[in-house]
Each structure stands twice: as structure tokens, then as C-alpha cells.
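Working notes for the structure below.
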Amino acid sequence: MKHWTILFALFPLLTVAQSTSHQKLVDSLKLVADMPYICEVADGCGDKIFWRVVQQKQAIIPLLIDKLSDVSTTRAVVPNFGGQWTVGDIAYSALQEIIQDIPTFELLGVKFDQAGCGYCSYWNHLRRSRQNRIRFQAAVRSWYNRNKQNLIWVVSNDFTTCDCQGLHPNGGHFALKK
């Protein structure tokens, strides 16, 4: 009986330790130097920190949402559109690898192909002002809170944010029940 008492007494400490570990991992996104783009995952596609964050699955989602407004720049270069990835951009990319089909442009409040540039609508909108990032963060948080009970795990090797090949480090992703 005493063993159970000790175990239950330690449970909050384990939860706090895991939470601290997750926070440190999310905070380490500022060290990401390379984001996955077009590559073979087995050959080292993107920074290992990014994939370690993604592998935490739903336990890390709220912490990633908290980082969406972080405009700290990283050493990772944004291909095709130029500039540097911010911590917030990397956090959103990780979210997209954990939860497939987040309605990005609906949450941004802009059209995908605004001004004929395709995905640059994302980059241009968020780079335009800090307020745009804060509104986007609030919209993503609201969407997640409305939908988290309807997310199911799908076993898959599909990648959301890159033209990557190989086994997905998560072995799947969350998707909305249909």
C-alpha cells in the first residue's frame, strides 16, 4: 500500500518534469538551422530539433501554439521566398506535421494565392506586422480548442510541410474525424 502512495505522490512531479522537458524542447526551436524542404528523411532532412519536437505529438501542441507569435529569427533560410524562419514559423510547421489539414489561410484571413504568389501570402502576411502574428496565434488556438476532441490519429508516412520522402518520424498525424 505504501508503494502506491509513493507513486501517486510522485505523479505530479513526473508531470511537471515532462512539462519542463517539453518547454525546453520548444524553446530550443530558436537553434534550428535547417528546415526540411525536398529531401530523404533517412539522410537527415531538416534539423533534428524540429523532428524531436514533432515526435512529442499532442503533448507539445499547446506549447507550440504559445510560440506562434515569436518573431525571433533563426539561422534557417526560407527557400523560394527568402528571409529567415522565425521561431513562430517553425512552431507552426511542427504543428502542421502533428495535425494535418489545419486551415492555414482561413485562420490567417488571407487567400492562398493573394497577388498571384501562392504560399508567399503566408510569409507576406505574417511578416507585415506583429499584430498579424498575434491574430494568427489566437485563431490557431481557437481552432485547436474547438477541434481537439475531434482529432484522431492516422497512421501515415505523409509529410505536410515538405516534399520529403521516407518514414515520417511520427509514423502518422492527427486529422479531424470526418
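The values are calculated or read from the model by the stated rules, or taken from the named source; none is laboratory data. All figures in this text were calculated on a predicted structure; none of them were measured in a lab. Ideal geometry is used to build each Cβ from the backbone, glycine not excepted, and the neighbour counts take in all protein chains shown. Just the protein is used for accessible areas: all its heavy atoms, side chains included, with ligands, DNA and RNA removed. Shrake-Rupley method; radii C 1.70, N 1.55, O 1.52, S 1.80 Å.
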Filter the range 115-147 down to the residues that are among the charged types (D, E, K, R) and touching a helix residue (DSSP H, G or I) at 6+ places or on another chain (Cβ under 8 Å) and list them by number. Arg133, Arg141
Tell me which residues, restricted to the range 157-178, are open to solvent by 20 Å² or more (accessible area, probe 1.4 Å) and assigned to a loop (DSSP other than H, G, I, E, B). Asn157, Asp158, Phe159, Thr160, Thr161, Gly166, Leu167, Pro169, Gly171, Lys177, Lys178
Would the range 29-46 turn up any residue that is part of a helix (DSSP H, G or I), modelled with pLDDT under 90 and surrounded by fewer than 16 Cβ atoms within 10 Å (Cβ to Cβ)? yes
Check Leu95, Leu68, Leu64, Leu25 and return the single one that is farther than 21 Å from Gly171 by Cα and either among the β-branched types (Val, Ile, Thr) or at pLDDT 85 or above (or both). Leu68
Answer residue from the range 77-110, given it is free of Cβ contacts under 8 Å to residues at least 60 places away in the same chain and in contact with a strand residue (DSSP E or B) (Cβ under 7 Å, 6 or more places away or on another chain) and is farthest from Ile134 (Cα to Cα) among those: Val77
Log entry, pairs with first residue in the range 48-59 being charged (D, E, K, R), second being buried (at least 19 other Cβ atoms within 10 Å of the Cβ) and outside any helix (DSSP H, G or I), beta carbons closer than 8 Å, six or more apart or on different chains, reads Lys57/Asn170; Lys57/Phe174
I need the helices (runs of 4 or more DSSP H) fully contained in the range 69-155, keeping only those with at least 1 residues that are surrounded by fewer than 19 Cβ atoms within 10 Å (Cβ to Cβ) and in contact with a Gly (Cβ under 9 Å, 6 or more places away or on another chain). 120-128, 130-147
